[in-house]
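Notes for the one structure printed next.
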Amino acid sequence: MRKDTMLLAAFTQASVTQTGVGAWMHPGSDPHVLDADYYINLGREVERGGFDLIFFDDRLAAPAAYGGSVREAVQRGSRVIKLDLLTILTLVAASTSRIGLGATYSTTYYNPYHVARAFATLDHISKGRAVWNIVTSLNAEEAANFGVGEVLEHDQRYDRADEFLEIVTGLWESWEKDAIQLDRETGVFADPDKVHQLNYQGKYLSSQGPLTVPRPPQGWPVLLQAGQSGRGRQFAGRWADLIFAASTELDGAKKSYAAQHEVAAEAGRTAPPARILPCAQVVVGPTEQVAREKKAYLDSLSNPVEGLMQLAELADVDLSTFPQDEPFPDDLLDRVTGSKAIMQNLLAGTEKTFGRKPTPADLGAFFAGRTGGHQFVGDPGQVADEMAEWFHGYACDGFAIAQNDSPGSFQDFGRYVVPELRRRGLVPEVDAAPRTVRDRLGLGPRVSRNADQT
């Protein structure tokens with residue numbers, strides 16, 4: 001059953017670019033992304049602002065799909081810095097007490113035992129606040145960085161990811177809840193009958209177990225996933241607690257919401273279906289005029305070429321090879337080996353905005369001025385009105401608020417929008433009680449279908 005309040009996630013990157021192109025040039029942005037204090041302060045700001053969790057996007061290569069070189073990306077500062085996220089979230093965990101802590105880790109190039117151990121450790125040291133944003137890596141540059149000669153085909157990546165999750169969740173359950181005894185009189189640290197080998201053998205992956213970290217406080221750390229293709233939705237229907245979506249328009253978001261719930265039902269989920277969070281770019285001010293002026297300034301920092309560079313990375317197709325002022329060919333989506341769903345959504349949004357079949361120049365301008373999702377621009381009441389329309393219209397269960405500048409856009413959202421949403425009963429008052437993020441968000445417990453012990 002759906003909760004009657006929104007879930008709010010802060011969506012960011014461990015990078016100077018943040019989630020909007022040109023963000024590092026904003027005079028209010030803190031550029032010191034290589035310093036620990038940057039992430040400590042960011043986590044505190046997000047928690048103070050009333051968000052439920054913070055999660056960091058990631059990729060395992062500098063952008064090189066556009067033009068076949070990283071040179072221009074390096075010059076522009078476009079997603080060329082990506083720090084290891086578990087280190088960062090350990091810092092944030094130590095300086096916050098409530099928010100969920102999300103990191104993007106790949107099922108394509110990481111090892112499931114390593115991922116299981118890393119997130120179980122984070123869950124313990126944060127007292128049950130770990131969130132894993134699951135991705136399947138899609139870029140040729142990422143494959144090259146890991147010494148892999150050939151990128152797996154789209155559906156194979158998800159087939160492998162299914163095995164990856166079966167191992168990770170099974171390892172999290174390899175220690176029963178009451179395995180640790182700490183009995184000083186008998187000298188029994190843990191009951192060996194309550195610690196189990198996994199002995200998993202799949203087509204792509206295998207793991208013996210048990211994990212060297214006892215069962216995480218949440219059982220399973222919260223699972224976040226963003227697959228929007230048919231196979232991606234099947235994967236999310238089986239595994240995800242939260243789904244990060246890229247809908248740019250209300251009608252499309254409603255259709256996507258309904259389709260995802262149908263897939264979850266077909267998958268036989270016994271737990272509640274995943275809560276769906278579309279990406280949202282919020283530009284808010286005390287008045288609509290101030291908000292529009294802020295938006296105009298953010299737009300002035302964007303560059304259509306940089307928009308195409310980022311989209312080429314997401315789609316894994318070189319968009320520099322198309323004539324910039326001619327409409328894309330009809331078979332463009334057939335050439336996309338990365339995220340077809342994101343490309344399809346953005347092409348539709350661009351066509352609606354420009355009123356014609358889009359050119360690369362159109363697409364670059366459209367994408368450079370946004371973060372991949374819908375734009376909410378206005379005073380607090382206007383932004384809350386539109387968000388409420390999405391929520392009450394069953395287009396979402398909340399929003400992933402993308403960062404325009406750091407930490408300014410999260411400060412603005414917490415200062416202006418969250419109080420208005422609370423006034424309307426759409427966001428609860430801060431609950432400072434010590435609970436896991438899974439419990440706090442009402443996500444319920446999860447159990448692996450393949451685990452020997454529960």
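Values in this text are rule-based calculations from the coordinates and carry no lab data. Model, not experiment: these values are computed from the prediction. Virtual Cβ from ideal backbone geometry, glycine too; neighbours counted across all protein chains shown.
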Open item on the list: For the ranges 401-407, 72-78, what's the packing order if you count other beta-carbon atoms within 10 Å of each residue, average per peptide, and put the highest first?
Closed with: 401-407, 72-78
- [ ] Enumerate the calculated ³J(HN,Hα) couplings along segment 248-257 in order (Karplus 6.51 cos²θ - 1.76 cosθ + 1.60, θ = phi - 60°), each rounded to whole Hz, writing x wherever the residue is Gly or Pro.
- [x] 9, 10, 4, 4, x, 5, 4, 5, 5, 4
- [ ] Kindly express, to the nearest 10 degrees and within the range 0 to 90, the angle between helix 304-315's C-alpha long axis and the longest C-alpha principal axis of the chain.
- [x] 30 degrees
Open item on the list: With angles folded into 0 to 90 degrees, how steeply does helix 230-239 sit against the dominant principal axis of the chain? Use alpha carbons for both and round to 10.
Closed with: 40 degrees
- [ ] Give me the angle, in degrees from 0 to 90, between the Cα long axis of helix 85-95 and the longest principal axis of the Cα atoms of the chain, rounded to the nearest 10.
- [x] 80 degrees
TODO: State to the nearest 20 debye the size of the charge dipole of segment 303-368 about its Cα centre, where the only charges are +1 on K and R beta carbons and -1 on D and E beta carbons.
DONE: 240 debye
TODO: Show me 164-177, 310-323 ranked by packing, highest mean number of other Cβ atoms within 10 Å first.
DONE: 164-177, 310-323
Open item on the list: Once the convex hull of the alpha carbons of the chain is built, what does its volume come to per residue, in cubic angstrom?
Closed with: 144 Å³
Open item on the list: For a 23 Å ceiling on Cα separation, which of these pairs sit above it: LYS295/LYS352; LYS3/LYS255; LYS82/LYS295; LYS127/LYS177; LYS82/LYS254?
Closed with: LYS82/LYS295; LYS82/LYS254
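For THR121 and ILE40, what does the FRET efficiency come to when R0 = 22 Å and r is the distance between their Cβ atoms, rounded to the nearest 0.05? Spell out each step's value before the answer.
Numbers: r = 19 Å, r/R0 = 0.87.
Given R0 = 22 Å and the Cβ-Cβ separation, E is 0.70.
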Task: Under Karplus coefficients 6.51, -1.76 and 1.60, residue-wise ³J(HN,Hα) of segment 183-196 in Hz, glycine/proline x - done: 8, 6, 6, 9, x, 8, 6, 9, 7, x, 6, 10, 10, 10
Open item on the list: Report for the chain the percent antiparallel among DSSP-assigned beta bridges with both residues inside it, nearest 5.
Closed with: 10 percent
Open item on the list: Please give me the summed charge of the neighbours of MET387: other residues whose Cβ is under 14 Å from its Cβ, Lys and Arg +1, Asp and Glu -1.
Closed with: -3
Task: Near-label residues of segment 268-300 by backbone N, under 14 Å of a point 7 Å along Cα→Cβ of TYR394 - done: 273, 276
Task: Pair-distance profile P(r), taking every C-alpha pair of segment 226-382, with 10 angstrom steps and integer % - done: 10, 34, 33, 19, 4, 0
- [ ] Rounded, prolate or oblate: pick one for segment 62-207, where a ≥ b ≥ c are the square roots of the eigenvalues of its C-alpha gyration tensor, a/c under 1.5 means rounded, and failing that, prolate if a/b is larger than b/c, else oblate.
- [x] oblate
- [ ] Take the alpha carbon atoms of segment 108-167, find their center, do the same for segment 380-454, and report the distance between the two centers in whole angstrom.
- [x] 25 Å
Task: Residue-wise HN-Hα coupling along segment 413-419, computed from phi with Karplus coefficients 6.51, -1.76, 1.60 (Hz; x: Gly, Pro) - done: 5, x, 6, 9, 8, 4, x
- [ ] Could you tell me which of rounded, prolate or oblate describes segment 303-368, using a ≥ b ≥ c as the square roots of the eigenvalues of the alpha-carbon gyration tensor, with rounded for a/c under 1.5 and, failing that, prolate when a/b is larger than b/c and oblate otherwise?
- [x] rounded
